[in-house]
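Throughout, read-outs are computed from the coordinates displayed, never taken from laboratory work. Here the structure is a predicted model, which means the values were calculated and not measured. For neighbour counting, all protein chains shown are included, and Cβ atoms are generated from backbone atoms with ideal geometry for every residue, glycine included.
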Amino acid sequence: MLGTEVFARCFAETIGEEGGFSADPDDPGNWSGGAIGLGACRGTKFGISAAAYPGLDIASLSLADAKAIYARDYWAPIEGDKLPPALAMLVFDAAVNDGVGAAARWLQAAVGVATDGVIGPATLAAVAARHNDLLALCATFQAARLAALPADARFLSGWRLRICRIALAAGGLLNAD
């Protein structure tokens, strides 16, 4: 499976989890200052939040704009084209939802390398060494992601469901190398 095909599939799954425009004032991600009441409540659209992109006109964001942001700011930093497709889907979704650094650290912990938050040659080599144990690696990654969920009762159930749905989608890519 080519990298562009994998990205397209990963993007489709993650964007399906992110949804359209929301300007819920009780969600800190919707505020340009990153906290409730700080800055302007510009909202979130396609998972692109005012907190992460305070200067962006969130309400006017197109799907194509979001895809370009995802490719540049999430797929490229996680080295998505160099990861096995199933693992790429999990790490990509985590990067979008939890931040690139957190996703990288969970992957690094799962493969037993230094957790510096940057997926580089050492991380990629450790992933490659686990190629025959990919299902266990994916499960370890997802377990770390679940364990790190904040206890915010309002969103916790939805975050758990997202992680499970992404895992099911990634399962369809386990033999896609």
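Consider ILE15 carefully, then state whether it is aliphatic (A, V, I, L, M), part of a helix (DSSP H, G or I) and touching a residue at least 40 places away in the same chain (Cβ under 8 Å). In short, yes. Of all residues in the stretch 143-177, those being touching a Phe, Trp or Tyr at 6+ places or on another chain (Cβ under 7 Å) and not aliphatic (A, V, I, L, M) number 1.
Return the residue satisfying two criteria in turn: it lies in the stretch 22-56 and is β-branched (Val, Ile, Thr) and within 18 Å of the chain's Cα centre (by Cα), and of such residues it is nearest to PHE155 (Cα to Cα). Checking each candidate, the answer is THR44.
Summed over the stretch 22-31, the residues that are out of contact with any strand residue (DSSP E or B) (no Cβ under 8 Å at 6 or more places or on another chain) and surrounded by 15 or more Cβ atoms within 10 Å (Cβ to Cβ) give a count of 1.
Taking the criterion of being out of contact with any Cys (no Cβ under 8 Å at 6 or more places or on another chain) and buried (at least 18 other Cβ atoms within 10 Å of the Cβ), the residues of the stretch 42-65 that qualify are ARG42, GLY43, THR44, LYS45, PHE46, GLY47, ILE48, SER49, ALA51, ILE58, LEU61.
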